[in-house]
Amino acid sequence: MNLKQMNILLADDDIDDCIFFEKALEELIISTNLTTVHDGEELMQLLANESYNLPDILFLDLNMPRKNGFECLSEIKHDNKLKDLPVIIFSTSFEQEVVNSLYKNGARYFIRKPSVFIQFKEIILRALLLVGEGKTSHSTQDNFVITDQDNLSV
């Protein structure tokens, strides 16, 4: 994958979180192209569109209207065309049972949305670097949850 330009798809119904995400991307050292959808049905319709080039990475919010992130993840992982798409779950909640279920269902990583902008930026950069450096196989359960502990330079 080319780290000079990463195509990112964000599925999140919270407009403020989408703006926060976009501003964080603008400040990163990696060039990105962001596409945003605001509910699960819109996401799955876009991914099913034959003329749409799949993104390098999908950031998927769990709690969305019309079709939630759990349903979307299941559909993605059961579709031969989509099953290798790196899906990073992006959520405000952090229940261990939910995290375990997402891991078992094929999500690549889990990120709890931080409220502090610098942490938000660091965590997105860490996720992009992990996927961009070829760490595309399913993570181990020990490193499934991405945190900003590494304090990367953004």
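Looking across Leu102, Leu125, Leu73, one residue alone is at pLDDT 85 or above, surrounded by 21 or more Cβ atoms within 10 Å (Cβ to Cβ), within 18 Å of Ile19 (Cα to Cα) and not acidic (Asp, Glu). It is Leu125. So which of Phe70, Phe59 is in contact with a strand residue (DSSP E or B) (Cβ under 7 Å, 6 or more places away or on another chain) and among the aromatic types (Phe, Trp, Tyr)? Answer to the selection: Phe59. In segment 113-127, how many residues are without any contact (Cβ under 8 Å) to a residue 60 or more places away in the chain and of a type in the set (Lys, Arg)? Here the count works out to 1. Just one residue in the set Asp39, Asp14, Asp61 is acidic (Asp, Glu), surrounded by 14 or more Cβ atoms within 10 Å (Cβ to Cβ), under 15 Å from the mean Cα position of the chain (by Cα) and closer than 17 Å to Tyr109 by Cβ; that residue is Asp61.
Exactly one residue out of Phe21, Phe90, Phe110 is surrounded by 13 or more Cβ atoms within 10 Å (Cβ to Cβ), touching a Leu at 6+ places or on another chain (Cβ under 7 Å), more than 16 Å from Val145 (Cα to Cα) and of a type in the set (Phe, Trp, Tyr): that is Phe21. For segment 46-69, which residues satisfy the criterion of being under 23 Å from Phe20 (Cβ atoms) and hydrophobic (A, V, I, L, M, F, W, C)? Once the filter is applied, which keeps residues that are under 23 Å from Phe20 (Cβ atoms) and hydrophobic (A, V, I, L, M, F, W, C), segment 46-69 yields Leu46, Ile57, Leu58, Phe59, Leu60, Leu62, Met64. Can you tell me which of (1) over 14 Å from the mean Cα position of the chain (by Cα); (2) part of a strand (DSSP E or B) is the one Gln119 doesn't meet? With (1) over 14 Å from the mean Cα position of the chain (by Cα); (2) part of a strand (DSSP E or B) applied to Gln119, the lone miss is (2).
The set of residues in segment 21-76 being in a loop (DSSP other than H, G, I, E, B), in contact (Cβ under 8 Å) with a residue 60 or more places away in the chain and not β-branched (Val, Ile, Thr) consists of Glu27, Leu28, Asp56.
The values are calculated or read from the model by the stated rules, or taken from the named source; none is laboratory data. Note that the structure is a prediction, hence the values are computed from the model and not measured. Because the Cβ atoms are built from the backbone with ideal geometry, glycine has one as well, and the counts that use them run over all protein chains shown.
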